[in-house]
Every structure is written in structure tokens, then in C-alpha cells.
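Where a number appears in this text, it was derived from the coordinates with a stated rule and is not lab data. Just so it is clear, the structure is predicted and the values come from calculations on it, not from any experiment. Don't worry about glycine lacking a Cβ; one is built from the backbone with ideal geometry, like all the others, and counts go over all protein chains shown.
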Amino acid sequence: MPPASTAAPRLSQLRALQRARGHRHRVSALSLALCFPGQGSQAAGMADGLLDGDVPQRMLQAAAAAGLDLEQALHGDDDALRPTDVAQPALLFVECAIHARLPRALAVVAVAGHSVGEYAACVAAGALAPEDAMTAVVARGRAMAAMREGTMCALLGLDAGAAQEVCAHVRDRSGEVVVVANLNAPGQVVISGSRAGIEAATALAKKRGARRAVALNVSGAFHSPLMAAAAKQFESVLDGLPLRDPVIPVVCNVDASPARDAATLRDRLRRQLTSPVRWSETVECLVAMGTTTLVEVGPGAVLTGLAKRITPDVTALAVHSADEAATAVAEAQP
């Protein structure tokens, strides 16, 4: 879960980018990767203009069938959207609703999602129906929300290797659980574990050069061994999830490599809750696959900001509203 980032360029800049590169045909001339943000990006009003249409209605119905009044939550304030068991389905809804309004002509090389964003990526890849993704994410959010032991903290100014050493030192000396949970970008690592483990690791990280330590407002130690019970609870849902082979490769969090079939995708989703999000490596993989432009689909611009730090030579854009999706459709026309 990355901390908040600053505003990002709009997807409408794609046309200007085309002109600068000498393209005379449509946006599909660009090789895009679609990226979907995770928990922490949610914000009040993010679903404005997105509730109508086939895909949104199917997702709202799936949430209702699972006992969640998602439409009411989407009309709520930031506090209403903050709980894990609400935030995750709400993000999935917005990301899939925006994606449904994007031009079909876009040339997408691959997709990826940060943590729960990986489920929206599966929908975008054609591996999962939106309503099935919603059913799964409602269950995922509830399982994770029930695991209230532990917390998370972002370490700024410390590289991944140093953070791994800090966590290993604390585990060896205290026996507390603390691991690297998110490898977001150079100089931005998130650790996860028991509260005592996080406290000790934060203090040691500062001694070893971390510029800042930012406690994250989360309900548990996501992407750590403390999520093992949640992963076990969620396993039966994943086993029954009607995944298909993706039409577009999904670059997964757990190993930052493309999944091209349903069996591989299911295995990686199964391991996701207790494994680190290797986001920096994920972006590098997307670029190695031929991506020239990374498009963040969803609220906020966290992933866009991270992309600029990971691969500054690759264009990163954000689309996070119905209006911006409509603009993208208009500008994709010849």
C-alpha cells in the first residue's frame, strides 16, 4: 500500500504525446500498460459519474449479493470508505468502471495492479468477469479486515536491501514478525508486522539512514506472515473463482513476472496476501515487455508518481474519472 502521491498528468495528454513522437494515427500506436492502484487510493466522490452502465450495475449487484451495500458506501465520505472491507470493493468498482469506458482501440501490452488492484487487472486482461472479481474482493477485504494484529509503516530514503537487513535484524534479536511488504520504488519501502516489530524496525531504520518513517492507517499487517489466517480463509473463494486464461498478460505482485494462463494466475493470487508487492520490479517488467506509456486507471495518482521514480524515461499518465475516460475515447478517434 503506497502512501499518497501528488497530482498526475491526464490521459488527454496522449494526443500531444503522439504529435511529439510523429504519430498520425490513433492512440493505439502507443504501447500501453494499464496499472490499477491499491488500498489507500480511495477517496470520497471517486465514483461520481460511474454508477450507470452494464459493468457497474453487475458489480453493485454482486456486492449486494455478498451482503455489502456498496452504492451507499460510494456515496459516503472518506471515513466511510476507509475500512478495509469497504475500501477494497470500492476501489475495484471504480477501477473496473473507468476501464469499461476506455477506448477499445488502445494497444495494451500488459496489465498490473498494486495488491487489490491486481483483481481489476485480471478483469482488464479478460481473465475474470467484473461481478466475479467483486465477489472475490468482498471476501478478500473481509478476511483481511478480520486480522487486526499488527500494522505497516513506509520507510522513505532506505533502499530495499537495507530494509531487508533491518527486518532480519529485528526478527533475529526479538522474535517479532516484521518483513518488507511493498517494494514500491527506489527509496520507498513499506514494512509490515507486529506492532512491536514495526516499532523496533522503524527505530533501527532511522539509525541506518531512513529519512522518514510514515505509519500507515491500515487495520493489519498486510502482505506479511500475519495474514496467513486470512489467506487460508480466502483460499476456498480463490479455488472456486472462475478464472480464464488472460487475453493480455498480467504482471503479478508476488514475482513481478507475467501470468499467461489461469492456473498461474490463481497460484499467484493465492500467495499474494502473505507475499511482498514487488511493484518496482513489476514496472520494470512492464517496460521490458515493450511498454512506452504507463496508464494508471483509478482514483489518485500514486502509481503514476512511483512510475516516474522507477522508470523516469517512460511516460506515466493517470485517468481517474468518467470525464477523463470519455476524453480518452474522443481522442482515440482517427
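Here are the numbers for the structure shown:
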{"read-out": "Rounded, prolate or oblate (a/c below 1.5 giving rounded, otherwise prolate when a/b exceeds b/c) for region 183-265 by Cα gyration tensor", "value": "oblate"}
{"read-out": "Options Ala64, Ile191, Thr315, ranked by Cα towards positive dipole end of the chain, top entry (Cβ charges)", "value": "Thr315"}
{"read-out": "Likely footprinting exposure, Cys153, Cys35, fewest C-beta neighbours within 10 Å first", "value": "Cys153, Cys35"}
{"read-out": "Relative contact order for region 151-218, counting Cα pairs under 8 Å that sit 6 or more residues apart, in percent", "value": "48"}
{"read-out": "Residue order, fewest to most beta carbons within 10 Å, for Asp79, Asp159", "value": "Asp79, Asp159"}
{"read-out": "Magnitude of the charge dipole, region 151-218, Cβ model with Lys/Arg +1 and Asp/Glu -1, debye to 20", "value": "200"}
{"read-out": "Residue order, fewest to most beta carbons within 10 Å, for Thr264, Thr291", "value": "Thr264, Thr291"}
{"read-out": "Folded to 0 to 90 degrees: helix 195-207 orientation relative to the chain principal axis, Cα", "value": "90"}
{"read-out": "Listed candidates [x] 16.7; [y] 15.4; [z] 18.6 - label of the one calculated as mean projected area of the Cα convex hull in nm²", "value": "[y]"}
{"read-out": "Convex hull per residue volume in Å³, alpha carbons only, for region 151-218", "value": "63"}
{"read-out": "0 to 90° range, to nearest 10: angle between helix 130-145 axis and the chain longest Cα axis", "value": "20"}
{"read-out": "Global form of region 39-99, assessed from the alpha-carbon gyration tensor, a/c cut-off 1.5", "value": "oblate"}
{"read-out": "Assigned charges on the beta-carbon of Lys, Arg, Asp, Glu; region 73-220 dipole about Cα centre (debye)", "value": "440"}
{"read-out": "Prolate/oblate/rounded label for region 145-287 (Cα gyration tensor, a/c 1.5)", "value": "oblate"}
{"read-out": "Whole-Å distance, taken between Cα centres, linking region 130-164 and region 67-120", "value": "15"}
{"read-out": "Degrees between helix 54-65 axis and first principal axis of the chain (Cα, 0 to 90, nearest 10)", "value": "40"}
